[in-house]
Amino acid sequence: MTYQKRTYSLIAVLLFACLSFSQVRKEINLQNGWEFSRDSINWQDVRIPHDWAISGPFDKKWDLQYVAITQNGEKKKSEKTGRSGALPWIGHGLYRTTFVVPTKYTKALLHFDGAMAEPTVYINGKKAGYWAYGYNAFEIDATPFIHHDGTPNTMEVDLQNLEESSRWYPGAGIYRPVTLILTGNTYIDHWGTYFRTLQANDQKALLSIDTKIKGIQNSNDFSAEIGIYDNRGFLQQAEHTDIPSNGVLHSEITLNHPKLWSPESPYLYRLVTRLYRNHQLIDETTEKVGVRTISFDKENGFRLNGIRRKFRGVCLHHDLGPLGAAVNKAALIRQVRILKDMGCDAIRTSHNMPSTMQMEVYDSLGIMAMAESFDMWIYPKCKNGYARFFKDWSDKDITNLVLNHRNHPSLVMWSIGNEIPEQWSKEGQQIAAHLQALCHQLDPSRPVTQGMDRAEDALKSGFAQTMDIPGFNYRVYKYGKSITQLPQGFLLGSETASTVSSRGVYKFPVEWSNSKTYPDGQCNGYDTQWCSWSNLPEEDFIAQEDAPYTIGQFVWTGFDYLGEPTPYDNYWPSRSSYFGICDLAGLPKDRYYLYRSVWNTKEHTIHLLPHWTWPGREGKITPVFCYTDYPSAELFVNGKSQGKISKIKNIEGEVSTGKPATPAEAQERAGRYRLMWNKVIYEPGELKVVVYDRTGNKAGEEIIHTAGKATQIVLNADRPVISADGNDLCFITVSLADKEGTMVPDANDELTFQVTGDGNFKGVCNGDATSLEVFTQPRMKLFSGQLVLIVQSNNHKGTIHVKVVDSKKRLVKTLDIKTL
Ligand code: GAL
């Protein structure tokens, strides 16, 4: 056949006008009408996404492990209590629902964005599909199993989670959306559209769009239209094309004066594909896409749209703290807002596939993403982990990862693994080469990386040299030697820092240490603790600033997560991490401001620590740190100067030393980024810092006060209005304050919550890694003076009434949230 293409540009055609006559495809989010059971006898109504384990109770018996964590250098086995969160995620779970397929649709596809774990799907009693890996999206052609006469279909999903299958809390259940996609016999393949930018600058962009049409019989009858619309719905450029008999189309479209996507300007176009039979529209899809280029090379490191930059990234596990693994858009948006204000521009979805919702949020808010896949290959890191599946499933898993996410502009690299044990071996190198080639085959537009923790081994086996982007986890002191053996000429800090701290908890005397623990299961908020394999943030700042071959870093981690309570892996009741820059409730720890002072180059940071309410410490040494982007500052206690000090500029880090920092070196290097007054004697009253800019002029100040008696509850909502869609969330930070409004930093009263009106109580979290209070009961103690209450809208527009009660102090506070 003659295969014709016509390109045209109709600036005035509106996307939405065109959409109005298209009725063919139907995509249904199967969110409501599910039942859930652990025993097939007792069923409860639930909505998807759902995490069956997040309501607890916490108990050390869940997934109690007697193991040596070899990755942490342990040789002997010992009891690990909260390693995977101490929540009841192990065992079977069953979900069931019904759905109707109207007779006009002849094809039905089910898209599961992830179900934990090993989902087996039955439709009308017949097994319709199975997927081994709980983190991946998978699709089921439901067509042969459904009733085509419009009568209801039943669907059951059977899940099972094994003990010792995870190094962190995996969640449990259908924790990501399920979508039913209905079409006619000839349709645009769901994962068959592949959009990429071949070249782009401010003047022109060359875009490549591959499309697959399924079910073509007589191709002469069909044609397609590929259109690029701007974000207001105006057509920018389109191509009308015939369809070859194999249904595979390739289009190249030039766009003039494109708006380029970047974290600073996350502009999204709409790619609209329309399929016609004899000029009648029979299918249509719309995807949000971004125009941008990425490159990685020796001369320029990483460039986005031709501009060199270094990743200011964080690693994130998938759980959303008190919401568990159940994905929620409002919670993801909140995470990104908090991180972006810190100056963060990238996220590594450690150590597994991100959700589609997450990638959409990153596209629209502007975060670059590294999408990871596996925490192990053939050799298990825990007894029942993914190693059970790797041989049979890894290619299928990489395929689904890439097909599901390759159109997201935010996605800048794939990762095929984290600290894979076989990085020392030839076999490992071959697997790496194979998986990387598979990524390239499905997506030639992005490079592939992985996080390696054994630099010498990985360099010796050729494993590190194989990767498009050699990623190294920790051990900054090996960077200098490693780079001499890397033909790539650059390296990525794929995982960095692993500094540990508890929000608002300060330990005296302040010790700089990689092995310190305290009897209360907390870590020092002065940011002076790290692990034997890790370091303080400063080592990474120095490596990124001083070593031209570094292309950025991903800090472990942006937020605390459930499970892996290092350095308290053996201490009960620790059940969540201490690594976060923010705590499990999403509240910034002091460390947040240290990163902000370096990463946020648009706004200034002046942050003092610790708090200044220390009854009993009068006359005692109480060091004061200031995290600021300014170079110098003077500190005053009740008006008395404690000295004017400056950051010490020319301190070198460990990049090339070949040795990890000693505590003394770590402290010295901190002086390049922190202003520290180590001899301050505490007296209650006012602590003030005055900061000076590079020219020596006063640039700002920050004052904190000693708190008096708590006389009021303070409620701070992240948004005054949320949407009445039944999913949206409002996050309310709750604290106690004295009559002047100064927060009482050691308040630990138990508060209770009543949520009425057009919404409901969703969860609560105080960020205390040792708390066994459940997230889903409307009561909790303050931790270091704060907690976060989460309320959810229902489908009624109106008002959510929130009441917080402190019965001990007889305080009550109310707040109204509007829902629209
Ligand atoms: C890394 C590992 C992460 C986490 C971290 C804690 O080695 O990749 O998953 O365990 O250590 O520091």
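Looking only at residues of the range 187-205 that are buried (at least 21 other Cβ atoms within 10 Å of the Cβ) and among the aromatic types (Phe, Trp, Tyr), we find that the one that is farthest from GLN237 (Cα to Cα) is TYR187.
The residues on offer are GLY215, GLY233, and the sole one that is more than 16 Å from the ligand (Cβ to nearest atom), over 24 Å from GLU360 (Cα atoms) and surrounded by fewer than 18 Cβ atoms within 10 Å (Cβ to Cβ) is GLY215.
If only residues of the range 8-62 that are exposed (fewer than 13 other Cβ atoms within 10 Å of the Cβ) and among the polar types (S, T, N, Q) are counted, the one that is modelled with the lowest pLDDT is SER20. Within the range 354-366, the residues that satisfy the criterion of being in contact (Cβ under 8 Å) with a residue 60 or more places away in the chain and either closer than 16 Å to SER494 by Cα or open to solvent by 10 Å² or more (accessible area, probe 1.4 Å) (or both) are THR356, MET357, GLU360, SER364, LEU365. Just so you know, in the range 442-465 the residues that are over 26 Å from the mean Cα position of the chain (by Cα) and surrounded by fewer than 21 Cβ atoms within 10 Å (Cβ to Cβ) include one that is nearest to the ligand (Cβ to nearest atom), and it is ASP457. Filtered by the rule that a residue be in a loop (DSSP other than H, G, I, E, B), open to solvent by 30 Å² or more (accessible area, probe 1.4 Å) and within 28 Å of LYS259 (Cβ to Cβ), the range 294-346 gives GLU299, ASN300, ASN305, GLY306, ARG309, LYS310.
Taking the conditions exactly as written (more than 10 Å from the ligand (Cβ to nearest atom), of a type outside the set (A, V, I, L, M, F, W, C), more than 17 Å from HIS317 (Cβ to Cβ) and open to solvent by 10 Å² or more (accessible area, probe 1.4 Å)), does PRO537 satisfy them or not? When the stated conditions are applied, PRO537 does not pass them. For SER208, the conditions (1) in contact with a Lys or Arg (Cβ under 7 Å, 6 or more places away or on another chain); (2) of a type outside the set (Lys, Arg); (3) open to solvent by 10 Å² or more (accessible area, probe 1.4 Å); (4) in a strand (DSSP E or B) all hold with the exception of (3).
The residue that is nearest to SER502 (Cα to Cα), among those in the range 543-555 that are open to solvent by less than 10 Å² (accessible area, probe 1.4 Å) and of a type outside the set (Ser, Thr, Tyr), is VAL555. Residues that are closer than 24 Å to ARG475 by Cβ and either open to solvent by 30 Å² or more (accessible area, probe 1.4 Å) or within 16 Å of the ligand (Cβ to nearest atom) (or both) within the range 513-526 comprise SER513, ASN514, SER515, LYS516, THR517, CYS523, listed in sequence order. Within the range 466-506, restricting attention to residues that are open to solvent by less than 30 Å² (accessible area, probe 1.4 Å) and of a type in the set (D, E, K, R), which residue is farthest from the ligand (Cβ to nearest atom)? By that ranking, first place goes to ARG503.
Restricting attention to the range 66-89, and to residues there that are β-branched (Val, Ile, Thr) and open to solvent by less than 50 Å² (accessible area, probe 1.4 Å), which single residue is nearest to SER576 (Cα to Cα)? By that ranking, first place goes to THR81. Would you check if GLN529 is at pLDDT 95 or above and either away from the ligand (no atom under 16 Å from the Cβ) or open to solvent by 10 Å² or more (accessible area, probe 1.4 Å) (or both)? No, not satisfied.
The values are calculated or read from the model by the stated rules, or taken from the named source; none is laboratory data. Remember, it's a predicted structure, so these values are computed and weren't measured experimentally. Cβ coordinates were reconstructed from backbone atoms using ideal geometry, including for glycine residues, and neighbour counts include every protein chain displayed. Only protein heavy atoms, including side chains, enter the accessible area calculation; ligands, DNA and RNA are left aside. Shrake-Rupley method; radii C 1.70, N 1.55, O 1.52, S 1.80 Å.
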